[in-house]
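Mind having a look at this structure? Questions to follow.
The values are calculated or read from the model by the stated rules, or taken from the named source; none is laboratory data. Remember, it's a predicted structure, so these values are computed and weren't measured experimentally. Ideal geometry is used to build each Cβ from the backbone, glycine not excepted, and the neighbour counts take in all protein chains shown. Accessible surface areas use protein heavy atoms only, side chains included; no ligands, DNA or RNA. Shrake-Rupley method; radii C 1.70, N 1.55, O 1.52, S 1.80 Å.
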Amino acid sequence: MTDFTATRALFHLPEGVIYLDGNSLGPMPRAATDRVARTLRDEWGEMLIGGWNRAGWMAQPRALGDRLGRLIGAEPGSVVLGDTLSIKVYQALAAALEMQPDRRVILSDSGNFPTDLYMAEGLIAGLGRGHQLVIVAPEAVEDRIGPDLAVLMLTEVDYRTGRRHDMARLTRAAHDAGALVLWDLAHSAGAFAVDLAGTGADFAAGCTYKYLNAGPGAPAFIYVAPRHQDAARPALSGWLGHAAPFAFEPAYRPGAGIERMRVGTPPVLQMAALEAALDIWDGVDMDKLRARSIELTELFIALVEPRCPDLHLVTPRDPGQRGSQVSFRFPDGYAAMQALIARGVIGDFRAPDIMRFGFAPLYIGEDEVRRAADILAEVMENRLWDDPAYHIRAAVT
Ligand SMILES: Cc1ncc(COP(=O)(O)O)c(C=O)c1O
């Protein structure tokens, strides 16, 4: 059984802080300092270039992909790590579009994260084949699926509202229309159990720095369903996705299976931090995690709503339709969030007016939720946010 008191002790959290922003950047696993130090000292320091073979650096993107794969329901050998999520979205979308030569529509929704939409725009321009990016409201996605659809590209959990799409249903609808599906799991991986194989997803990508707690700049992952791996042509044909990188052939030949989605040199130090994070995840029962996450988000909503009438809940009330975050709309949300942070409750703000709070059961419990709700109520009831200092915007919100 997953003991959430025990997992809490495995993270470093600064004294006096209630951390409700693990949906943006997870906290540091305590073991990461030693794990990264070991890679620096014993591997890079002592082995020098020998680390690629002797310390297994080159094999890590696949090996860690398989460990992470359990959390997202991926078949062994279908996930690889590297690059950033933006890059992995581009690669997956490019491969999917090429597998749909007679269709031109990419469908997404207005709740998708901008980088996914920007990457699609850039890819469309580069291809120059008249593809069209259609963006509809999240509730209108299913109705827009039709015979012109090449790829349905969605982020499962809306980064602003926390609304969760029905992955199985939309994947089925897209497949019935002859389309392929690409899921962005940035706010899903580590938030609840994802079932990529079970839902029949074609492609997926996600990051490891949010709920997975692998640190700032941690590598992204890409999933390609086994049935597509031999057909998926890598648009970013880097040497480490080549069938024989160290043959240094002048022409590109795609590697076997998911290996072809690698691009260049893997980020070894970040992989070490990810390993420390996965050591924790290996022991986590995802059903228990989900049950706890729902308890915490339900509690927060129940405590905040009656005491903060100025905050408008934008996260679905039905727990089955949300990820592991709760968001409120408030016109002075930026200042209110700064007032909260000044009082030790860390969440974040997304323009134009969304206050976001992430709930990660690995290190957040009922006590923290109660205290955070009390502090939020105090900020709102006494208009503590109405201080000029809290209105000055930092670069990262
Ligand atoms: C849904 C989603 N996709 C993509 C990204 C960012 O991708 P990258 O890791 O390339 O910065 C984010 C960042 O928060 C995100 O929430």
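Only residues that are of a type in the set (S, T, N, Q) and either more than 25 Å from the chain's Cα centre (by Cα) or more than 29 Å from Phe113 (Cβ to Cβ) (or both): list them for the stretch 342-397, please.
Asn382
Can you find even one residue in the stretch 377-389 that is closer than 27 Å to Met28 by Cα and modelled with pLDDT of 95 or more?
No; the residues of the stretch 377-389 include none that is closer than 27 Å to Met28 by Cα and modelled with pLDDT of 95 or more.
Let me ask another. From the list Val151, Val157, Val194, Val136, which one is crowded, with 20+ Cβ neighbours inside 10 Å, away from the ligand (no atom under 14 Å from the Cβ) and at pLDDT 95 or above?
Only one candidate passes the filter, namely Val151.
Scan the stretch 375-397 for residues that are part of a helix (DSSP H, G or I) and loosely packed, with under 14 Cβ neighbours inside 10 Å and jot them down.
Of everything in the stretch 375-397, those that are part of a helix (DSSP H, G or I) and loosely packed, with under 14 Cβ neighbours inside 10 Å turn out to be Glu381, Pro388, Ala389, His391.
Are there any pairs with C-beta distances below 8 angstrom linking a residue in the stretch 156-175 that is closer than 11 Å to Pro138 by Cβ and of a type outside the set (S, T, N, Q) to a residue that is open to solvent by 60 Å² or more (accessible area, probe 1.4 Å) and more than 14 Å from the ligand (Cβ to nearest atom), with the two at least 6 apart or on different chains, and if so which?
Arg163/Gln321; Arg164/Gln321; Leu170/Glu142
When the stretch 1-32 is examined, which residues are found to be more than 23 Å from the chain's Cα centre (by Cα) and polar (S, T, N, Q)?
If the condition is that a residue be more than 23 Å from the chain's Cα centre (by Cα) and polar (S, T, N, Q), then Thr5 is the only one that fits.
Next question. Of the numbered conditions (1) within 16 Å of the ligand (Cβ to nearest atom); (2) in contact with a helix residue (DSSP H, G or I) (Cβ under 7 Å, 6 or more places away or on another chain); (3) acidic (Asp, Glu), Asp21 fails exactly one; give the number of that condition.
So the condition that Asp21 fails would be (2).
Could you grab the pairs with beta carbons closer than 8 Å, sequence gap of 6+ or different chains, first residue in the stretch 229-256 and charged (D, E, K, R), second one at pLDDT 95 or above and in a loop (DSSP other than H, G, I, E, B)?
Arg253/Ala243; Arg253/Ala244
Check Arg35, Arg67, Arg103 and return the single one that is among the charged types (D, E, K, R) and touching a Phe, Trp or Tyr at 6+ places or on another chain (Cβ under 8 Å).
Going through Arg35, Arg67, Arg103 in turn, the sole match is Arg67.
Separate question: At pLDDT 95 or above, closer than 26 Å to Ile301 by Cβ, open to solvent by 20 Å² or more (accessible area, probe 1.4 Å) and among the charged types (D, E, K, R): which single residue out of Arg144, Arg227, Arg169 fits that description?
Going through Arg144, Arg227, Arg169 in turn, just one is at pLDDT 95 or above, closer than 26 Å to Ile301 by Cβ, open to solvent by 20 Å² or more (accessible area, probe 1.4 Å) and among the charged types (D, E, K, R): Arg169.
Which one of these is closer than 16 Å to Phe192 by Cα and surrounded by 14 or more Cβ atoms within 10 Å (Cβ to Cβ): Leu278, Leu303, Leu311, Leu299?
When all the criteria are applied, what remains is Leu278.
Sticking with this structure for a sec: Arg35 versus (1) within 17 Å of the chain's Cα centre (by Cα); (2) part of a helix (DSSP H, G or I): which is the lone unmet condition?
Arg35 satisfies every listed condition except (1).
Hey, another quick one. Looking only at the stretch 62-93, which residues are away from the ligand (no atom under 13 Å from the Cβ), open to solvent by 10 Å² or more (accessible area, probe 1.4 Å) and hydrophobic (A, V, I, L, M, F, W, C)?
If the condition is that a residue be away from the ligand (no atom under 13 Å from the Cβ), open to solvent by 10 Å² or more (accessible area, probe 1.4 Å) and hydrophobic (A, V, I, L, M, F, W, C), then Ala63, Ala74 are the ones that fit.
Do we have any residue at all in the stretch 316-328 that's touching a residue at least 60 places away in the same chain (Cβ under 8 Å), out of contact with any Phe, Trp or Tyr (no Cβ under 8 Å at 6 or more places or on another chain), of a type outside the set (Val, Ile, Thr) and open to solvent by less than 10 Å² (accessible area, probe 1.4 Å)?
For the stretch 316-328, residues touching a residue at least 60 places away in the same chain (Cβ under 8 Å), out of contact with any Phe, Trp or Tyr (no Cβ under 8 Å at 6 or more places or on another chain), of a type outside the set (Val, Ile, Thr) and open to solvent by less than 10 Å² (accessible area, probe 1.4 Å): present.
Would you say Asp109 is more than 11 Å from Ile222 (Cβ to Cβ), charged (D, E, K, R) and either within 16 Å of the ligand (Cβ to nearest atom) or open to solvent by 10 Å² or more (accessible area, probe 1.4 Å) (or both)?
When the stated conditions are applied, Asp109 passes them.
Shifting gears a bit: Scan (1) open to solvent by 10 Å² or more (accessible area, probe 1.4 Å); (2) touching a Phe, Trp or Tyr at 6+ places or on another chain (Cβ under 9 Å); (3) away from the ligand (no atom under 15 Å from the Cβ) for the single condition Ala201 breaks and write down its number.
Answer for Ala201: the failing condition is (1).
Ok, one more. Could you grab me the full set of residues in the stretch 116-133 that are open to solvent by less than 30 Å² (accessible area, probe 1.4 Å) and within 14 Å of the ligand (Cβ to nearest atom)?
Asp116, Leu117, Ala120, listed by residue number.
Name every residue in the stretch 182-203 that is polar (S, T, N, Q) and in contact with an Asp or Glu (Cβ under 8 Å, 6 or more places away or on another chain), in order of residue number.
Hit for the stretch 182-203 is Ser188, nothing else.
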